[in-house]
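Let me begin by presenting the structure, written as structure tokens, before commenting on it.
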Amino acid sequence: MTFLENALHYDDYFNLRQSVDWNNFSEQQTVFALNHTLYAITVKNELETIAMGRLIGDGLYYTIVDVIINPAFQGKGVGSAVIHKLLDYVEKNTPPDGRSNVSLIAEKGKEAFYEPLGFKKIPHEFCGSGMRKVIYKKRN
């Protein structure tokens, strides 16, 4: 397996999301997002892209998004390796005496995957529940 940094392309993104039955975004939105990703990991098995993970953020707050492992490669440590590489980026870019907040929204039923990697479920003693809003826009 080969881990590539900042080499995530639209077709790989689209196909990996399809492999786990996630909805895709428009190509225009996706290309824009990929071009503005802070850091991305793509995993190849020979010529096939089998996994990805992206990091978005501003240096204080980071969000891990689009962690997808092709189902045929799940349970083999690929997902943990992707998360470790994303967290390594944050670690390297957090200055001495600095602090960075890393968050993510786990897919339902996948929360236990992230706990051994240092993530805590919210709400907890310091945070309320996470929240989200999805905005849909129809074509004219």
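Taking the condition of being of a type outside the set (A, V, I, L, M, F, W, C) and surrounded by 16 or more Cβ atoms within 10 Å (Cβ to Cβ), how many residues in the stretch 1-14 meet it? Of the residues in that region, 2 qualify. Can you find, within the stretch 61-98, the residue that is nearest to the chain's Cα centre (by Cα) among those that are farther than 23 Å from Asp21 by Cβ and part of a strand (DSSP E or B)? If we take residues in the stretch 61-98 being farther than 23 Å from Asp21 by Cβ and part of a strand (DSSP E or B), then Tyr62 is nearest to the chain's Cα centre (by Cα).
Inside the stretch 122-140, can you point out the residues that are free of Cβ contacts under 8 Å to residues at least 24 places away in the same chain and either under 14 Å from Thr63 (Cα atoms) or in contact with a helix residue (DSSP H, G or I) (Cβ under 6 Å, 6 or more places away or on another chain) (or both)? Correct list: Met131 only. Among the residues that make up the stretch 38-60, is at least one of them among the hydroxyl-bearing types (Ser, Thr, Tyr), surrounded by fewer than 17 Cβ atoms within 10 Å (Cβ to Cβ) and either modelled with pLDDT of 95 or more or farther than 25 Å from Lys137 by Cα (or both)? Taking every residue of the stretch 38-60 in turn, none turns out to be among the hydroxyl-bearing types (Ser, Thr, Tyr), surrounded by fewer than 17 Cβ atoms within 10 Å (Cβ to Cβ) and either modelled with pLDDT of 95 or more or farther than 25 Å from Lys137 by Cα (or both).
Considering the stretch 31-60, the residues that are among the hydroxyl-bearing types (Ser, Thr, Tyr) and within 14 Å of the chain's Cα centre (by Cα) include one that is nearest to Arg99 (Cα to Cα), namely Tyr39.
Within the stretch 63-96, being under 20 Å from Tyr13 (Cα atoms) and hydroxyl-bearing (Ser, Thr, Tyr) holds for Thr63, Ser80. Of all residues in the stretch 103-120, at least one satisfies being out of contact with any His (no Cβ under 9 Å at 6 or more places or on another chain), free of Cβ contacts under 8 Å to residues at least 60 places away in the same chain, within 22 Å of Asp66 (Cα to Cα) and part of a strand (DSSP E or B).
Restricting attention to the stretch 10-60, the residues that are part of a loop (DSSP other than H, G, I, E, B) and at positive phi add up to 3. If you filter the stretch 16-38 down to residues that are of a type in the set (D, E, K, R) and touching a Phe, Trp or Tyr at 6+ places or on another chain (Cβ under 9 Å), you find that the one that is nearest to Tyr62 (Cα to Cα) is Arg17. Here Lys92 does not fit the description of being charged (D, E, K, R) and either within 20 Å of Met131 (Cα to Cα) or touching a residue at least 12 places away in the same chain (Cβ under 8 Å) (or both). Which one of the conditions (1) under 14 Å from the mean Cα position of the chain (by Cα); (2) closer than 19 Å to Lys110 by Cβ; (3) not hydroxyl-bearing (Ser, Thr, Tyr) does Asp21 fail to meet, given that it meets all the rest? Failed condition: (1).
The values are calculated or read from the model by the stated rules, or taken from the named source; none is laboratory data. For clarity, every value in this text was computed on a predicted model and none was experimentally measured. Virtual Cβ from ideal backbone geometry, glycine too; neighbours counted across all protein chains shown.
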